[in-house]
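*Asks:* Take this structure first; my questions come after.
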Amino acid sequence: FPIDITFKSTNPFGWPQIVVSVYGPDFFGNDVVRGYGAVHVPFTPGRHTRTIAMFVPESTSMLQKFTSWFTGRRPEFTDPRVVAQGEGREVTRVRSQGFVTISFNVV
């Protein structure tokens, strides 16, 4: 999808990122998260292609895994900023879930 954005900053620390959340139906027809990922927006002019490694949060115990499967409610982040920040992510159990490729045309 084309996105037209203009950024202005005096401090480039933590340059803007695009956070991608992919959802899709499960076996029961419920809309569940298929993956999360984030990538920094390039700032040099030209065409840039980035591949985002996607991941999904995992339940920590077998009981939680069974309960989430039975109810159709898989673990997901309530705030998408968690994906873009590194804080607290070291204690989150995740599983790799494929890739998404994004193309940027920067002027």
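*Asks:* Taking a virtual spin label 7 Å from the Cα of Ile18 along the C-beta vector, which residues in region 50-83 bring their backbone nitrogen under 12 Å of it?
*Replies:* Answer for region 50-83: 50-52.
*Asks:* Efficiency by 1/(1 + (r/R0)^6): what FRET value for Val41 and Phe77, r their Cβ-Cβ distance, R0 = 22 Å, to the nearest 0.05?
*Replies:* Values: r = 21 Å, r/R0 = 0.94.
Here the calculated transfer efficiency is 0.60.
*Asks:* Here is a further query. Using amide H atoms built 1.01 Å from N in the peptide plane, name the residues 5+ places from Val32, or on other chains, whose amide H lies under 5 Å from its own.
*Replies:* Long-range HN contacts for Val32: Gly24, Asp26.
*Asks:* While we're looking at this one, here's another question. Extension gain Phe70-Asp26, at 0.36 nm per residue separation less the Cα-Cα distance, in nm? Write down the numbers at each step before the final one.
*Replies:* Details: separation 44, 0.36 × 44 = 15.84 nm, distance 1.19 nm.
Computed gain between Phe70 and Asp26 is 14.6 nm.
*Asks:* Also, quick follow-up: List the chymotrypsin sites (Phe, Trp or Tyr not before Pro) in region 31-101 that DSSP assigns to loop (not H, G, I, E or B) and whose Cβ has at most 13 other Cβ atoms within 10 Å. Which are they?
*Replies:* Here the sparse-neighbourhood loop sites are Phe43.
Here, each number is a calculation from the coordinates, and none is a lab measurement. All figures in this text were calculated on a predicted structure; none of them were measured in a lab. Cβ coordinates were reconstructed from backbone atoms using ideal geometry, including for glycine residues, and neighbour counts include every protein chain displayed.
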